[in-house]
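Inspection log for the structure reproduced underneath, given as structure tokens.
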Amino acid sequence: MSENSANKEWEPKIVAIVCNWCTYAGADLAGISRIQYPPNVRIIRVPCTGRINPFYIVKALQEGADGVLVSGCHPGECHYISGNLVACRKFAMLKSFLNYIGIEGDRTMFTWVSASEGDRFAQVIRGVTTKVKALGPANKMVKKF
Amino acid sequence: MAHKNSQKRVKPEDRKKKVIGVVARGCTTRSLIIHLQERQYERDDVCIIGVPCDGYVDGKGLKVKIGGADIVEGTVDGGQLKMKTSDGDKTVALKDVLAECCLTCRFNNPIISDVMIGSPAPAMNPDAEYNDVKEFEAKSIEERWAYFIKEMEKCIRCNACRQACPSCYCPTCFVEQSQPQWVGIGEDKTDTQVFQFMRLYHMVGRCVDCGSCVSVCPMGVDLRKFLKKIDKDCFEMFSNRAGSSMEDMPPLGKYDEHHDKQDFIYNP
């Protein structure tokens with residue numbers, strides 16, 4: 001595989017952990033509307049962003065993800081009323097702490113995408129992919145298997 | 001006979017309540033507040049005997065200071081620490097050998113107590129609390145990462161920091177969990193980094209800066225630099241200081257729709 005991809009441009013692997021009710025539906029809408037977005041993203045669906053253990057993000061980075069995107073409902077629109085707001089606090093701390101130890105802030109991204117924002121979802125993925133691409137392959141805290 | 005009694009079933013309402021007395025300095029009362037907020041026991045299960053604190057001596061630093069000699073006995077006299085050591089009598093100024101966390105302590109008097117002993121201790125130097133962190137923040141990202149891996153390479157994962165920490169009491173720690181296995185058990189250095197990172201992250205709103213983890217660490221990992229950052233962030237983002245009052249609940253268990261900072265949210 002590495003031989004084949006040697007002459008190709010490096011493509012980042014991005015793990016997107018998205019909430020079932022908003023962003024996943026938004027991604028669905030992007031698909032239905034046939035909006036193009038980079039195929040670098042691997043989507044993981046969770047019930048709510050509040051369900052995400054910060055360990056998921058650290059683990060994803062350790063196991064070789066070049067970037068992690070977490071996306072949920074806009075504040076006040078959470079299906080479980082406040083899951084995204086609690087998550088927001090967790091992520092604020094996590095992002096700041098990751099940056100403090102020396103892992104680029106752009107590798108962990110947080111955003112809100114609602115179910116009706118298929119276009120925004122595609123934009124977010126485009127934006128994140130560009131940012132992670134600019135950073136290059138992840139080499140910090142990555143486990144060699 | 002005693003054994004037979006211990007086997008006898010007692011209805012919960014017939015159980016005799018045991019009150020535990022705790023002699024607590026400032027940071028111990030902060031830990032107690034965290035335990036109470038996390039509902040580990042009731043307030044009337046503990047009787048808190050508060051003592052003012054002038055700071056603890058950093059054992060490792062002291063040992064270096066006196067040239068590695070073994071201390072046989074010691075007394076505090078005024079601001080001086082007088083010791084009988086294997087190298088003869090030695091005297092050092094107390095303020096030179098206090099632990100780092102005690103020098104910049106903000107809560108050296110008990111926050112809650114049932115009984116107070118002694119008069120309140122004079123304030124330490126809390127203004128210098130985050131100096132280390134600010135200095136570290138000013139470094140470049142590569143320097144910070146280099147420092148992090150350098151420190152984590154020392155770690156032998158003996159889990160002493162976890163055992164000593166008053167806030168680490170989960171019945172099953174994530175380190176021992178095998179489904180899912182959060183942390184690999186091999187000697188891979190990224191596993192150590194992830195372990196340390198997650199243990200530090202678990203201290204959000206819970207680290208009382210008691211210095212236990214630093215003092216028990218056999219390898220001298222500079223944990224405080226990272227713990228203090230969490231403390232600083234917590235104060236800046238949620239204006240919360242771990243265990244500073246019974247009313248101020250843990251920051252990650254609540255939210256404030258209108259005032260929580262959202263500037264880190266990505267907007268394409």
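Structure notes:
- Beta bridges per DSSP with both ends in the stretch B:1-144, % antiparallel, nearest 5: 65 percent
- Close amide H pairs (under 5 Å, H built 1.01 Å from N) link B:Gly74 with B:Lys84, residues at least 5 positions away or on another chain.
- Hypothetical label at B:Asp70: residues of the stretch B:85-121 whose amide nitrogen lies under 13 Å (7 Å Cα-Cβ projection): B:85-88
- Remark: mean inter-chain Cβ contacts per residue of B:76-82 equal 0, using a 10 Å Cβ-Cβ cutoff to other protein chain atoms.
- Taking the Kirkwood radius as Rh and the Cα radius of gyration as Rg, chain B has a ratio of Rg/Rh equal to 1.00.
- Residue-wise HN-Hα couplings along the stretch B:56-65, as the Karplus relation 6.51 cos²θ - 1.76 cosθ + 1.60 with θ = phi - 60° gives them from phi, are 9, 7, 7, x, 5, x, 5, 4, 5, 4 Hz; Gly and Pro carry x.
- Under the Debye formula (equal points on every Cα, no solvent term), log10 I(q)/I(0) of the stretch A:1-76 at q = 0.17, 0.19 Å⁻¹: -0.74, -0.87
- Peptide-level mean, for B:192-205, of C-beta atoms on other protein chains within 10 Å: 4
- Subset of A:Lys131/B:Lys189; B:Lys63/B:Lys229; B:Lys232/B:Lys261; A:Lys95/B:Lys254; A:Lys95/B:Lys261; B:Lys60/B:Lys84 violating a 20 Å alpha-carbon distance limit: A:Lys131/B:Lys189; B:Lys63/B:Lys229
- Averaged over peptide A:96-107, the number of partner chain Cβ atoms lying within 10 Å of each residue's Cβ comes to 6.
- The base-10 log of I(q)/I(0) for chain A, evaluated at q = 0.10, 0.15, 0.17 Å⁻¹, reads -0.33, -0.74, -0.93 [Debye formula, identical scatterers on Cα atoms, solvent excluded].
- Along principal axes, Cα extents of the protein assembly as shown, largest first, whole Å: 78, 57, 47
- At a threshold of 40 Å², the residues of the stretch A:73-90 that become less accessible to a 1.4 Å probe in the full protein assembly than in their chain on its own are A:Leu85, A:Val86, A:Cys88, A:Arg89.
- Within chain B, percent of DSSP bridges classed antiparallel, to nearest 5: 65 percent
- Applying 1/(1 + (r/R0)^6) with r as the Cβ-Cβ distance of B:Asn125 and A:Ser82 and R0 = 30 angstrom yields a FRET efficiency of 0.15.
- For A:Lys13, distant residues with modelled amide H under 5 Å away: A:Asp66, A:Gly67
- Of the trypsin sites (Lys or Arg not before Pro) found in the stretch B:17-97, the ones in coil according to DSSP and having at most 15 other Cβ atoms within 10 Å of their Cβ are B:Lys17, B:Lys18, B:Arg39.
- Accessible area per residue was computed with a 1.4 Å probe on protein heavy atoms; B:Phe107 scores about 40 Å².
- Burial ranking of peptide ranges B:245-255, B:114-124 (average Cβ count within 10 Å, highest at the top): B:245-255, B:114-124
The values are calculated or read from the model by the stated rules, or taken from the named source; none is laboratory data. Only a predicted model underlies this, so the values are computations on that prediction, with no experimental measurement involved. Positions of Cβ are generated from backbone atoms using ideal geometry, with glycine treated the same way; all protein chains shown enter the neighbour counts. Note: accessible area is taken over every heavy atom of the protein model, side chains too, but ligands, DNA and RNA are not part of it. Shrake-Rupley method; radii C 1.70, N 1.55, O 1.52, S 1.80 Å.
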